[in-house]
Structure formats: C-alpha cells, structure tokens
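Quick notes on the structure that follows.
The values are calculated or read from the model by the stated rules, or taken from the named source; none is laboratory data. Everything numeric here is computed off the predicted structure, so don't read it as measured data. A quick note on method: Cβ atoms are made from the backbone with ideal geometry, for glycine too, and the neighbour counts reach across all protein chains shown.
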Amino acid sequence: MDSKVKMIRNLRTSERNGNPRIFLESTVLEAGNFAVGEHISYTITNNALVIQKTEDPSYKVAKRKRPSWKEHRPLIDYCNGDLGILFRAKEKIDILVSDSTIVIRKELSFDLCVIGQPRLEGEQPLKKLTFASFPSGAGVASAALEETGYFESKMGADIWDLAVDSYLHNFSNGSLYFGDLRSINPAYIPSVDVSWLSPPCVEFSALGQLGKGVLEGLGVHFARVVMATGCKAIIIEQVPQYFKSRSFEQLKGLLAPMFPFWNVSNIDAFDMGAVAGRRRGYAVAFADNEDFQFPAVQSLPEHRRTTVQQIIGNDWEEGDWRKIEGSTMQHLLNKSGNNNFTAEKNRTLVGLNDKKVSCFIANYSKINVTSSYFVHPENPSLWRPFRSDEIAKFLDVPEWFSFPENVSENQRTRLLGQSVAANVVKAIGIEVAYTLMKQKVRKTIDQSFVVPVQKNQNNQLAFIL
C-alpha cells in the first residue's frame with residue numbers, strides 16, 4: 001500500500017439526526033484514487049476513522065453529478081452513531097489522503113503515524129529547487145515556476161475545490177492542503193527552498209473593498225507558514241496596494257529577523273512583452289545577503305509587439321458570438337465621462353490587429369468595461385468573450401497546463417482571472433534561482449577552500465608552500 005499523504009483536507013464535521021456527519025467531496029476521494037462503486041471499509045481506532053478499499057461489499061463509494069460534469073464522481077457521506085466516539089458535530093478535523101486510504105483525525109494532530117505510517121509526499125529531497133504555494137489557486141504560478149526548469153512543486157494549498165481539482169490535475173509531486181490556511185498545522189508543511197505567497201486581493205484591489213488589510217489579518221498566518229517551511233527565499237505577488245497595507249507590514253515585520261534582505265517592485269506584464277496588461281506588485285526576500293535584481297523591463301518598439309491574432313491563432317471563429325445591439329456591450333460602449341471607466345480607455349472591444357488588451361479578472365464572464373472582449377473581424381456588429389484557452393495564451397500559461405473536465409468554461413475563466421501573468425513569474429523565478437545558486441556556489445567554495453598551514457620552528461603558524 002502506498003502510504004504517502006497526497007492531500008490534507010481541513011474542514012468541520014456537520015450534524016444529522018443528532019450525530020456528527022463527515023462529507024467527503026469528489027476532490028478528496030479522487031486524490032486517493034477512490035472510484036464510484038468501489039467497496040470500502042470503515043475502521044474506528046482510538047483516535048481516528050480509517051477508510052480503505054476492501055473486498056467486503058458492506059459499504060461502497062456513492063456517486064454524485066453536477067450539470068457541468070460529464071460523468072458521475074465519487075462521494076462519501078458518512079453519519080454513524082459510532083462517530084461520536086471520535087468527533088463532535090461542527091468540530092474541525094484533518095483528513096489525510098493517501099492512495100486507497102483515508103485517515104480522519106481531529107485538527108492539529110502532529111502524529112501522522114496511522115495505518116502504515118503515512119508521510120508527506122516528497123519527503124525525499126528533490127534534485128531541483130523546491131517550492132510551496134500559499135495559496136496555490138489552480139496552479140498557474142506553480143506551472144510558471146516549473147516551466148523555468150529550475151523548480152519543482154512540493155506543496156500547494158487552497159480552500160476552493162475547483163482550484164484544488166485543477167492543481168491536482170497538473171501536479172503529481174508533493175502534497176496539497178485543502179482547507180483554510182489559518183488552520184494548517186506546521187506538521188503538514190514540508191521543507192522547501194522557496195515559498196510563493198499570493199495573499200487575497202479583495203482588501204486591496206480597486207475593484208475590491210480597499211480595506212488596506214486592517215481587518216484581513218492573514219499576514220501573521222502567512223509568516224507562520226513561511227517559517228514552517230524553513231525556506232531560503234520568499235516570492236510574494238499581489239496588487240501594488242497590498243505592499244502599502246498593514247497586512248504586508250505585519251508579514252514583513254515578523255519575517256525580517258530571518259529574512260533581512262527585501263526587494264519590492266511593480267511590474268506590468270505588458271512591459272515584459274505580453275499583450276495582456278496585468279500590473280502587479282512583487283516582493284522577493286532572502287535569508288542570506290546576495291545581490292538580487294528584478295528582471296529588466298523590456299522596451300519593445302511597436303512594430304515588434306505581438307498582436308491578438310498571433311496569440312489566439314486562426315480558430316478565432318469558435319466562440320459565443322453575440323450581437324452588440326441590445327446587449328450589455330452596447331451599454332458599455334455608450335458610457336461616457338471623464339473617469340477611467342469608459343470603453344475607449346479600457347479597450348473594451350479589441351480586434352485581431354490590436355497589440356494590447358486589458359487585464360483579465362476573475363469576474364470576466366460577467367462582462368464589464370474594464371476587460372477586453374473580441375469584436376468579429378468580418379462583422380463588427382458581433383462580439384464575444386475570449387475563450388478560456390485564449391486567456392491562458394494571453395497569460396503565457398505553459399502549454400502543458402490544463403483543466404479537468406469537471407471545471408466549466410466560466411469556472412476556468414474565473415480561475416485564470418485569479419491567477420498570474422506567467423511571463424513575469426517565470427522571469428522572477430529565473431532571477432531567484434540564479435541568486436540561490438550564487439549563494440550555494442559561494443558556500444561550497446568557502447567550505448572546500450582550506451588554507452594549508454603548519455607550525456614553524458618558532459612555534460608560529462605559517463603557510464605550507
């Protein structure tokens with residue numbers, strides 16, 4: 001039996017008929033290779049509920065289907081009076097998922113030695129630089145770092161099931177924490193070289209609440225997670241306003257004693273050669289002193305810039321074409337005023353020859369003036385949203401990255417809108433890898449260089465020539 005823990009799911013038990021209830025989603029079961037209809041057993045130990053595949057037909061994996069799914073997916077809904085021995089209703093639990101085995105225990109358990117001593121995947125050192133992502137989202141930033149050839153993902157973490165599904169679909173190495181980051185136990189966090197942080201933006205974005213992180217309070221939790229990894233470098237990505245927030249001040253203040261060397265910069269993906277604009281702030285911190293440089297911003301002449309057609313290719317006819325007249329688009333195109341929320345200022349409609357489109361956001365499918373949509377090249381009375389595969393190309397997402405079938409088109413668009421400009425992440429990742437390599441080379445030379453000395457006749461140390 002493969003006892004490596006692939007996922008840690010953190011959630012609360014619910015209640016039914018006065019008994020605690022445990023509901024295991026498809027994402028959790030598929031991580032352990034449980035399929036619809038397979039026979040399973042429930043074993044209650046002195047501190048855990050263990051679910052395993054078995055030949056005994058007493059219990060089997062149930063099924064569920066949502067409209068966006070092409071086929072049924074596995075489901076376990078367990079509510080037995082015996083559960084009261086271990087858990088209370090509405091109590092937080094940790095679900096440790098390995099191949100063909102699920103171990104369910106109370107939250108904050110440091111002991112992973114249940115049924116074959118399960119351990120975190122990736123416990124053996126990997127040859128490349130390792131990193132963990134908090135949160136990992138669908139895994140676009142992780143894909144960008146791996147695409148450099150220098151990095152290998154060792155852990156992801158997210159609370160959204162669709163993001164978890166997408167991450168697991170693309171990354172087989174390492175483990176994944178499925179739950180609220182504020183509840184993750186350090187025992188589940190592996191040692192890595194680099195921590196990637198992408199804090200929530202709703203408190204800081206101009207499209208969000210502009211709370212400046214006063215009530216957000218995640219800075220302390222991110223610091224706790226970073227310290228648990230024992231990493232040598234940190235990369236943080238977020239809207240520029242985040243780096244002026246109280247949350248960032250708290251995060252940096254807690255980490256500065258261990259990571260005294262910080263670099264902060266704002267970079268627009270368009271300035272790095274992308275067609276889609278995406279201005280974000282980035283911070284890179286190191287435990288050891290070493291000169292670090294953010295990637296140089298390219299100044300491309302207009303005639304060398306890529307066009308929309310070069311990005312989306314020749315299959316542009318495929319998509320959800322709509323009439324401008326009488327649609328939301330007509331209203332957006334007719335908006336006027338001196339502010340920045342007009343179609344002209346935001347490139348709300350773009351064509352094949354355009355060389356810049358607006359940033360793709362999570363709510364892209366709701367049709368808004370600050371995003372770019374595609375006007376029909378041959379019939380300007382028609383328009384459509386860009387497809388998710390086209391958005392992925394605009395964001396320079398590696399070609400091997402894909403979404404599982406259960407994630408719908410709108411959900412893919414939302415996940416991409418919450419992700420990153422992969423071209424910028426790759427460029428920063430290369431610089432971080434170079435800096436860490438310089439540190440390693442310097443330390444190796446310092447350790448290997450020994451000055452040969454001996455005592456001379458006057459009992460003084462002298463070089464051996």
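Surrounded by 16 or more Cβ atoms within 10 Å (Cβ to Cβ), in contact with a helix residue (DSSP H, G or I) (Cβ under 6 Å, 6 or more places away or on another chain), outside any helix (DSSP H, G or I) and not aliphatic (A, V, I, L, M) - does that describe any residue in segment 79-86?
The first filter runs over segment 79-86 and keeps only residues surrounded by 16 or more Cβ atoms within 10 Å (Cβ to Cβ), leaving 79, 83, 86.
Then drop every residue that is not in contact with a helix residue (DSSP H, G or I) (Cβ under 6 Å, 6 or more places away or on another chain), which leaves none.
Taking every residue of segment 79-86 in turn, none turns out to be surrounded by 16 or more Cβ atoms within 10 Å (Cβ to Cβ), in contact with a helix residue (DSSP H, G or I) (Cβ under 6 Å, 6 or more places away or on another chain), outside any helix (DSSP H, G or I) and not aliphatic (A, V, I, L, M).
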Taking segment 1-16, which residues are within 16 Å of L96 (Cβ to Cβ) and either surrounded by fewer than 16 Cβ atoms within 10 Å (Cβ to Cβ) or touching a Pro at 6+ places or on another chain (Cβ under 9 Å) (or both)? M1, D2, S3, K4, V5, T13
Can you say whether V297 is modelled with pLDDT under 90 and of a type in the set (A, V, I, L, M, F, W, C), as far as the supplied structure shows? yes
Quick one: in segment 128-146, which of the residues that are outside any helix (DSSP H, G or I) and among the hydroxyl-bearing types (S, T, Y) is nearest to F178 (Cα to Cα)? S136
If S245 passes every condition in (1) closer than 30 Å to V357 by Cα; (2) exposed (fewer than 15 other Cβ atoms within 10 Å of the Cβ); (3) small (G, A, S) but one, which one does it miss? (2)
Among (1) in contact with a Cys (Cβ under 6 Å, 6 or more places away or on another chain); (2) loosely packed, with under 14 Cβ neighbours inside 10 Å - the single one N19 does not satisfy: (2)
Would you mind telling me which numbered condition in (1) within 25 Å of I93 (Cα to Cα); (2) surrounded by 15 or more Cβ atoms within 10 Å (Cβ to Cβ); (3) modelled with pLDDT under 95 I51 fails? (3)
